[in-house]
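Report on one structure; see the data block that follows.
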Amino acid sequence: METRIASMTCQDPPAGSRRGLAHWQRERATALLLEHLDAGIEVSALAQACALSRSDFTRKFKVSTGLSPHAWLRRQRVEKAKRLLMQAHCTLAEIGLECGFFDQAHFCRTFSQLEGITPRGWQRQAG
């Protein structure tokens, strides 16, 4: 009996469980995330749109993109911020709010964590 239980727990997961999102699911999820870039969207809403449970969606999204939905959203917000930083007439506070950050401090902290440089430092290097 113990050997049977041990062999059941040591088996590889079914092949389908290691795959990521189907193409249509990935397209739908990324489109929804981009539509809600400024305000965010609940993972449960993304999962529902992809006809998956919340946990299945989160796992498959990470397999498909290499990032959790939240990390992917943060990365996209920073990429949008980089585009806006090239427009010198925007303040950091305006850019942060437009990209879905709570305030300028949240924007600068997240940008620095992901890019290893402050938004102004990045702007000087890129400009």
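Here are a few things to note about the model shown:
- Burial ordering of HIS23, HIS89, HIS106, fewest other beta-carbon atoms within 10 Å first: HIS89, HIS23, HIS106
- Fully extending the segment from ASP38 to GLU115, taken as 0.36 nm per residue of separation minus the present Cα-Cα distance, adds 25.8 nm.
- The modelled label-to-label distance for the pair THR91/HIS106, using points 7 Å beyond Cα in the direction of Cβ, is 1.8 nm.
- Shape call, region 73-126: gyration tensor on alpha carbons, a/c limit 1.5: rounded
- Sorted by Cβ neighbour density within 10 Å, fewest at the top, the residues ILE117, ILE95, ILE41: ILE117, ILE41, ILE95
- For Kirkwood radius over Cα pairs in Å, calculated from these coordinates, the label among (1) 16.6; (2) 14.9; (3) 17.0: (1)
Read the figures in this text as sums done on the coordinates, not as results from a lab. Please read these numbers as outputs of a predicted model, since none were measured by experiment. Using ideal geometry, Cβ is built from the backbone for each residue, glycine included, and neighbour counts are taken over all protein chains shown.
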